[in-house]
Amino acid sequence: MYSKPLKKTFSTLRITGGFLKGRNIVLLEKSGVRYTSAKVREAIFNILGDMEGKKVLDLFAGSGSFTIEALSRGAASSTSVEIDRDMAKILEKNLTSLDLKNSCHVLTMDVVYAVPFLAKRAFSYDIIFMDPPYDRGYVGESMKLLATDRIYHTGTIIIIEHSKREVPVFSNFERWQQVNSKSYGDTFITLFQAD
C-alpha cells in the first residue's frame, strides 16, 4: 500500500537581541521537540551579559536558536551539535539565511561522540549550553561527558536547561561551581562556572 511521506511543518522564532534582533529563524516542528521560549532565552542572555568574542558550544542544538542568538549578541564562533539530520539541515539553512555560516560549525552527530571528538582536537569553549530532551537522563550523561572530556577552561560558563522533574546531581562535579538557578514553569536553568 502506498502512503505519502509525512509533510514537515515549520514555525518561526524571533531573535531577541543583538544585531539580528527582530529577525526570525525557522523551526522544524517535530513530535517530542521542545524549543526554548523567548522569555527563557532572554533570561539566559541577561545572566550571561557581554557575549563579545566568546566561543560557544551548543549541545542538542535543534534548529539553532541558542547558537544564533549568541552570534547575534557578539559571540565570535559557535559549534552546534545536533544528531537529527532534519534539524541540522534547518540549522544550516538558518545560518545561511542570516549570513552566519562562517561563524558556526555544525556537527551532525550524537553528543556522546561529539564531546570526545572535540576534546581530542583540543577545542575549548567560553560558554557551553545544553538543552537535551526532558526526562530521558541526558542531562546527567552529558555532564559526565564534560567531566571526562575537558573542552572548557577556568571561567567557562556551563548552562543546563532541564525539567524540574530531572534535577541532576551536581555535587559530583568538583570543578564546577553553581552560580545561578532559576525556574520558569517546568523549565529550570542552572548555571555553573568551571574552576
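The values are calculated or read from the model by the stated rules, or taken from the named source; none is laboratory data. Computed from a predicted model, the values in this text were never measured in an experiment. Note that each Cβ is placed from the backbone with ideal geometry, even for glycine, and that neighbours are counted across all protein chains shown. In case anyone asks, the SASA skips ligands and DNA or RNA and just uses the protein heavy atoms, side chains included. Shrake-Rupley method; radii C 1.70, N 1.55, O 1.52, S 1.80 Å.
Out of the total accessible area of the chain (probe 1.4 Å, heavy atoms of protein only), what percent is carbon and sulfur?
On the way: 5110 of 10010 Å².
Looking at the chain in its full context, I get 51 percent from C and S.
Count the DSSP beta bridges whose two residues both fall in the chain, then state the antiparallel fraction as a percent rounded to the nearest 5.
55 percent
Taking θ as phi - 60°, what are the ³J(HN,Hα) couplings along the stretch 83-91 by the Karplus curve (6.51, -1.76, 1.60), each to the nearest whole Hz, with x for Gly and Pro?
6, 6, 5, 5, 5, 4, 5, 5, 4
Out of these labelled values of percent of Cα pairs over 25 Å apart, (i) 42; (ii) 31; (iii) 56, which was calculated from the coordinates shown here?
It is the one labelled (ii).
Which ³J(HN,Hα) values in Hz, rounded to whole numbers, follow from the phi angles of the stretch 131-146 under the Karplus curve 6.51 cos²θ - 1.76 cosθ + 1.60, where θ = phi - 60° and Gly and Pro get x?
3J(HN,Hα) across the stretch 131-146, in whole Hz: 9, x, x, 5, 6, 10, x, 5, 4, x, 5, 5, 4, 4, 4, 5.
Using 0.36 nm times the number of residues separating Phe123 and Ile83, minus their current alpha carbon distance, what extension gain do you get? All intermediate terms of the calculation are to be shown ahead of the outcome.
Details: separation 40, 0.36 × 40 = 14.40 nm, distance 1.94 nm.
In short, 12.5 nm is gained.
What distance in nm lies between label points placed 7 Å from Cα along the C-beta direction at Glu42 and Lys21?
1.1 nm
Pop a pseudo-label 7 angstrom from the Cα along the beta-carbon direction at both Asp186 and Met109 and give the gap in nm to one decimal.
So the two model labels end up 3.2 nm from each other.
For the stretch 16-93, what is the accessible area per residue in Å², given a 1.4 Å probe and the full set of protein chains?
Working: 3260 Å² over 78 residues.
For the stretch 16-93, the per-residue accessible area is 42 Å².
Figure the gain on full extension for Glu141 and Asp99 (residue separation times 0.36 nm, minus the Cα-Cα span) and round it to one decimal in nm. Display every interim value, and only then the final one.
On the way: separation 42, 0.36 × 42 = 15.12 nm, distance 3.37 nm.
Computed gain between Glu141 and Asp99 is 11.8 nm.
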